[in-house]
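Just so it is clear, none of the values below were taken in a lab; they were calculated from the coordinates. If you're wondering where the values come from, they're calculated on a predicted model, not measured in any experiment. Please note: Cβ atoms are built from the backbone with ideal geometry, for glycine as well, and neighbour counts cover all protein chains shown.
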Amino acid sequence: MKEKIRQFMIGRYGTDGLNQFLSIASLVLILVYILTRLPLLLYVGVVLLGFCYYRMFSRNISKRTEENYKYYAVKDRIRNKFSGLKDQWDNRRLYHYYRCPQCRQKLRVPRGRGRIQISCPRCGTQFIKKS
Ligand SMILES: [Zn+2]
């Protein structure tokens with residue numbers, strides 16, 4: 001049996017970070033469905049699980065690898081965003097955070113200096129805010 005599975009998996013993609021995420025996400029959705037009976041959760045969970053198996057047995061390895069890279073890129077972006085928000089929260093007594101009105105660059109200014117002129121280091125726009 002084990003040998004048969006091994007034979008079957010030759011030349012197929014197998015599992016990766018994205019598949020781990022998909023299988024856990026679908027499991028969580030199905031468990032929440034059992035608790036809440038919201039049919040949408042079951043549909044989405046089954047679709048994610050189906051996609052996970054499709055990827056595992058796929059023979060198009062380069063395409064699957066590319067998907068996995070994209071998954072890690074998105075994951076990193078989300079993680080960076082959250083760690084930025086955490087820093088912002090931790091330093092909320094020391095700094096004010098503003099966005100440049102021109103280029104949306106996030107800017108940090110020390111608190112308690114009254115009204116100050118802020119110049120964006122990225123695009124050079126100047127604006128006045130309370131610090
Ligand atoms: Zn700017």
Relative contact order [Cα under 8 Å, 6+ residues apart], the chain, whole percent | 18 percent
Which shape class, rounded, prolate or oblate, goes with the stretch 91-131 when its Cα gyration tensor gives a ≥ b ≥ c as root eigenvalues, a/c under 1.5 marks rounded, and past that a/b bigger than b/c marks prolate?
-> oblate
Calculated [θ] (222 nm, deg cm²/dmol) that DSSP helices of n ≥ 4 give over the chain, each run adding -39,500 (n - 2.57) = -20000 deg cm²/dmol
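Which order do Arg77, Arg93, Arg122 fall in if you start with the one that has the fewest other Cβ atoms within 10 Å?
Arg93, Arg77, Arg122
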Amide H to amide H under 5 Å from Thr125: which residues, 5+ apart in sequence or cross-chain, H placed 1.01 Å off N in plane?
-> Cys120
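Please report Arg55, Arg99 as a ranked list, fewest other C-beta atoms within 10 angstrom at the top and most at the bottom.
Arg99, Arg55
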Lysines whose Cα lies under 27 Å from that of Lys130, excluding same-chain neighbours fewer than 8 positions away = Lys81, Lys86, Lys106
Between the helical axis of 61-90 and the dominant principal axis of the chain, each derived from Cα atoms, what acute angle in degrees is found, rounded to the nearest 10?
-> 30 degrees
What is the helix-to-structure angle for 39-57, meaning the angle in degrees between its Cα long axis and the longest Cα principal axis of the chain, kept from 0 to 90 and rounded to the nearest 10?
-> 70 degrees
Rounded to the nearest 0.05, FRET efficiency between Leu85 and Gln105 (Cβ-Cβ, R0 22 Å) equals 0.85
Can you give the Rg to Rh ratio for the stretch 21-115, taking only C-alpha atoms and Rh from Kirkwood?
-> 1.21
